[in-house]
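What follows is a set of notes on a single structure, which appears directly below.
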Amino acid sequence: MTIFQFLDYAGVAVFAATGALAASRKQLDIIGFLFFACFTGVGGGTVRDVLLDRNPVFWIANANYLAVCVAMAILLYWFAPMVDQRYRLLLWLDAAGIAAYSVMGAHIGLEVSGSAPVAIGMGMLTATFGGIMRDVMSGEPSVILRKELYVTAALAGAAHYVLMVSAGVDEALSACLAVVIAFVIRGCAIQFNWTLPGYRHRLGRVVKQAPQDGDSPDNRV
Amino acid sequence: MTIFQFLDYAGVAVFAATGALAASRKQLDIIGFLFFACFTGVGGGTVRDVLLDRNPVFWIANANYLAVCVAMAILLYWFAPMVDQRYRLLLWLDAAGIAAYSVMGAHIGLEVSGSAPVAIGMGMLTATFGGIMRDVMSGEPSVILRKELYVTAALAGAAHYVLMVSAGVDEALSACLAVVIAFVIRGCAIQFNWTLPGYRHRLGRVVKQAPQDGDSPDNRV
Amino acid sequence: MTIFQFLDYAGVAVFAATGALAASRKQLDIIGFLFFACFTGVGGGTVRDVLLDRNPVFWIANANYLAVCVAMAILLYWFAPMVDQRYRLLLWLDAAGIAAYSVMGAHIGLEVSGSAPVAIGMGMLTATFGGIMRDVMSGEPSVILRKELYVTAALAGAAHYVLMVSAGVDEALSACLAVVIAFVIRGCAIQFNWTLPGYRHRLGRVVKQAPQDGDSPDNRV
C-alpha cells in the first residue's frame, strides 16, 4: 500500500467518522449515521473526480470505500455515546481528514492537470467540500466560517506538497511532510485558537448607525 | 412506455411538485415556482448521471423532462392556494418521489456499474438529493434530519430492487414491488410516525453540565 | 478578445467580488476571502461545464480564471472596509454577474446541445448557482428567496439571447442586448423593488387556525 492509498482510505475513514458524529449530534437513527458517513466520507473526492473527469468515480470503481464508510458509521453508532465531547472529537477527526485530503487532492490534481495552481485549488476543494456538505445538511454553521485556521490548513498542505514536488523532492516524503504541516496548523488552531488577522475596520471609517435606505433588513453594511 | 420510463417521468413530476410547493410556502412568484420545480425535479437524476458519466445528462438529452417540471410549476401555482396542508402534501409527493427514484437510481447504477453496493448507494443518493437541495435552497430544516423513516425508505427501495434482480426476478416486477415497499415504509412514517431507534445515551454515561473548556459555544457534547 | 471571452472573465470577476464581500461580512481572514472568491467566481461555470461534459472544466484548462478570483479577493480585502453599504454593493455586483453569466450559459448551452429550452435552463442555472452556493456556505438566506426579481432577470437574459440568435440576429449583438436587458431588470428590482405578483391566497380559502393533526410543528399549511 503506497502512502497515497493510505491517505485516501484514511481521509475517507475520518471524514466518514465526522459525518457519523454529526448524525449522532442530531440524534439520528442508524440509517442516518450511514447516510451522513457515506456522504461526508466520499463527498470531497467525488467532486475532485467529477471535476477532473476521472471515470468511474473512485467509490464506484471500488466498493471498499463505501465499506469503510459503513464500518465507521456502525462503529460510531456504538461508541459515540461514550464520548463526552463529540464536537471536539469531530473537529480533530476533521483536522486529520483535511490534512490527508488536501495532499491527496493536490497529488491527483497535479497528475491530471500538471498545473500547480489547479492542483492547489483542487487540494483545498477536496479537503473542505465534504465538511461543507456535512454542515449544510445537518444545519450547523459551516466550519469554514469559524475564526480559527481551517481553509488555511488545507491550503498549506496542498501548497507545500505542490511546491516540494515541483522542487524535486520525493513524492512520498513530500506527502508525509505536507500532511504533518496541515495537521499541525489545524491542530494548533483547535487547541490554541490560532487565527489569521480577520477583516479589519480601517481607521477613519465611520460606521453609520442608521442605514441610508431603510427599506430592507438586508441592508446591513 | 416501460415501467422505468414511467418511474423516471413520475419521479421528476412529483419532485418538481414538491419544489413548487416549497416555492409556494415561501410565497415566491411564478418564476420562483419554475426555478424550484426544475431544480428539485431534475436534481437527483442529474447527480446520478454526472457520477455515472452518462452523457448527455437526461434532461439535456430530452427536453420533455424540463417541460414536465414547467407544467408542474404552473399547475401548482394555480392549485397550491386551494390546498389546506401544503407541507403534508409536499411530504406525500416527496414519498412518491423517493419511491420512484430510489428504484430508478438503483436500476441505472446496476446497469452501468454492475456492482450491488454502488447501485444501492446510487439509489439512495438519487432519491434524496433533490429533496436536500430543495430544503437547503428554501432554508428549511433538511427532511433527512427528521426523526421519521426517510433515508431508510430510499434504502429499502433500492436494496429490495437490487436483491430481487440479483436473485433473478423479472426487472419490471422487481421494480414495482420495490417501489411499493419504499412508498409504504415512507407513508407509514408520515402517517404513523414510524421511526427506527435513534441515538441513545448509554447507561452510565455522565452528562457533564459544565463543558470542560468553556472557550467556545460549539463545544456542545 | 470576443464579447464572450469578455463576459466570461467579467462574470467570474464580479461573482468572485461578491464572494469576497460575503467573506468580509462574516469577518473572515484573507484565506477565507480567497476561498469564497474562488468558489463563488467559478461555481456557476463549473456546474455548466460538468453538466455539458466540457473537459477540462474552464478554470482547470486555464488558470487565469483562478488568478482573477485571487486578485478580486485581495482587492476586496483591502477596499471592502471602505465601503459603507457592503450588502448593497454585493447585490449590484451580483446583478452584473447574473447578466453576464445568464447569456454566457445560454450561449454555451446552445452551442453544445442545440436545444433552446436546454440553453435557457443552462443560462439560469449558470447565473444563479454561484450565488446560491455563496449564500448557503455563508449561512445567509438565499438571494433566490428574495421577493425582488432575481431568477427572472437571469431567465430574461438567457431567453432573449436564445430567441434573438434563433431569429438570426448576430451573436455578439444579441449577447450585448441580452446582457443589458438582464442587468436593467435586476437593477430596477434592486433600486425600485420591482417584483412579480407572488403567491396569492385565493378568495374563499379558509385558513384553518388549528392544524388537523397537531403531531408535528412542520404541519404548517
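The values are calculated or read from the model by the stated rules, or taken from the named source; none is laboratory data. None of these values were measured; they are calculated from a predicted model. Positions of Cβ are generated from backbone atoms using ideal geometry, with glycine treated the same way; all protein chains shown enter the neighbour counts.
Of all residues in the range C:60-75, how many are buried (at least 24 other Cβ atoms within 10 Å of the Cβ) and either without any contact (Cβ under 8 Å) to a residue 24 or more places away in the chain or closer than 22 Å to A:Ser142 by Cα (or both)?
Result for the range C:60-75: 3.
When you scan the range B:94-110, how many residues do you find that are of a type in the set (Val, Ile, Thr) and surrounded by 24 or more Cβ atoms within 10 Å (Cβ to Cβ)? I'd like the intermediate steps shown before the answer.
Filtering the range B:94-110 down to residues of a type in the set (Val, Ile, Thr) leaves B:98, B:103, B:108.
From what's left, surrounded by 24 or more Cβ atoms within 10 Å (Cβ to Cβ): B:98, B:103.
Counting residues in the range B:94-110 that are of a type in the set (Val, Ile, Thr) and surrounded by 24 or more Cβ atoms within 10 Å (Cβ to Cβ) gives 2.
Answer yes if at least one residue in the range C:87-107 is over 25 Å from C:Cys38 (Cα atoms) and either at pLDDT 90 or above or not in a helix (DSSP H, G or I) (or both), and no otherwise. Walk me through how you get there before you give the answer.
Going residue by residue through the range C:87-107, those that are over 25 Å from C:Cys38 (Cα atoms) are none.
The answer is no, given that none of the residues of the range C:87-107 is over 25 Å from C:Cys38 (Cα atoms) and either at pLDDT 90 or above or not in a helix (DSSP H, G or I) (or both).
Quick test of your reading of the structure: C:Asn55 fulfils all but one of (1) part of a helix (DSSP H, G or I); (2) within 14 Å of chain A (Cβ to nearest Cβ). Name the failing condition by number.
(1)
Matching residues to (1) within 8 Å of another protein chain (Cβ to nearest Cβ); (2) of a type in the set (Val, Ile, Thr):
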residue: B:Ala95; (1), (2): no, no
residue: B:Gly105; (1), (2): no, no
residue: B:Ile108; (1), (2): no, yes
residue: B:Gly139; (1), (2): yes, no
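Please state which of the following conditions B:Pro117 fails to meet, knowing it meets all the rest: (1) more than 9 Å from chain C (Cβ to nearest Cβ); (2) surrounded by fewer than 21 Cβ atoms within 10 Å (Cβ to Cβ); (3) in contact (Cβ under 8 Å) with a residue 12 or more places away in the chain.
For B:Pro117, the failing item is (3).
Regarding the range C:83-93, can at least one residue be identified that is more than 8 Å from every other protein chain (Cβ to nearest Cβ), in contact with a Gly (Cβ under 9 Å, 6 or more places away or on another chain), surrounded by fewer than 24 Cβ atoms within 10 Å (Cβ to Cβ) and farther than 17 Å from A:Pro117 by Cα?
Looking for residues that are more than 8 Å from every other protein chain (Cβ to nearest Cβ), in contact with a Gly (Cβ under 9 Å, 6 or more places away or on another chain), surrounded by fewer than 24 Cβ atoms within 10 Å (Cβ to Cβ) and farther than 17 Å from A:Pro117 by Cα, one finds at least one in the range C:83-93, hence yes.
What tally of residues in the range C:11-52 results from selecting those that are more than 12 Å from the chain's Cα centre (by Cα), of a type outside the set (S, T, N, Q), within 11 Å of chain A (Cβ to nearest Cβ) and not in a loop (DSSP other than H, G, I, E, B)?
So the first thing to find is which residues in the range C:11-52 are more than 12 Å from the chain's Cα centre (by Cα), and the list is C:13, C:17, C:20-39, C:46-52.
If we keep only those that are of a type outside the set (S, T, N, Q) too, we end up with C:13, C:17, C:20-23, C:25-26, C:28-39, C:47-52.
Now narrow it down to the ones that are within 11 Å of chain A (Cβ to nearest Cβ): C:20-23, C:25-26, C:28-36, C:38-39, C:47, C:49-51.
Then keep just the ones that are not in a loop (DSSP other than H, G, I, E, B); that gives C:20-23, C:25, C:29-36, C:38-39, C:47, C:49-51.
Total satisfying the criteria: 19.
Could you look through the range C:20-56, keep only residues that are within 20 Å of C:Gly123 (Cα to Cα) and among the small types (Gly, Ala, Ser), and pick out the one that is surrounded by the most Cβ atoms within 10 Å (Cβ to Cβ)?
Out of the qualifying residues, it is C:Gly41.
Looking at (1) free of Cβ contacts under 8 Å to residues at least 60 places away in the same chain; (2) surrounded by 20 or more Cβ atoms within 10 Å (Cβ to Cβ); (3) farther than 30 Å from A:Leu145 by Cβ, which one does C:Phe183 not meet, given that it meets all the others?
(1)
Consider C:Gly130 carefully, then state whether it is surrounded by 19 or more Cβ atoms within 10 Å (Cβ to Cβ), under 20 Å from B:Val136 (Cα atoms) and more than 9 Å from chain B (Cβ to nearest Cβ). Give the steps one after another, and end with the answer.
On the way: surrounded by 19 or more Cβ atoms within 10 Å (Cβ to Cβ): yes; under 20 Å from B:Val136 (Cα atoms): yes; more than 9 Å from chain B (Cβ to nearest Cβ): yes.
So C:Gly130 fits the description; yes.
C:Phe79 is checked against (1) within 9 Å of another protein chain (Cβ to nearest Cβ); (2) surrounded by fewer than 24 Cβ atoms within 10 Å (Cβ to Cβ); (3) assigned to a helix (DSSP H, G or I) and fails just one. What number does that condition carry?
Unmet condition: (1).
Look at B:Cys176 and say whether it is farther than 27 Å from B:Asp49 by Cα, modelled with pLDDT of 90 or more and not basic (Lys, Arg).
Values: farther than 27 Å from B:Asp49 by Cα: no; modelled with pLDDT of 90 or more: yes; not basic (Lys, Arg): yes.
When the stated conditions are applied, B:Cys176 does not pass them.
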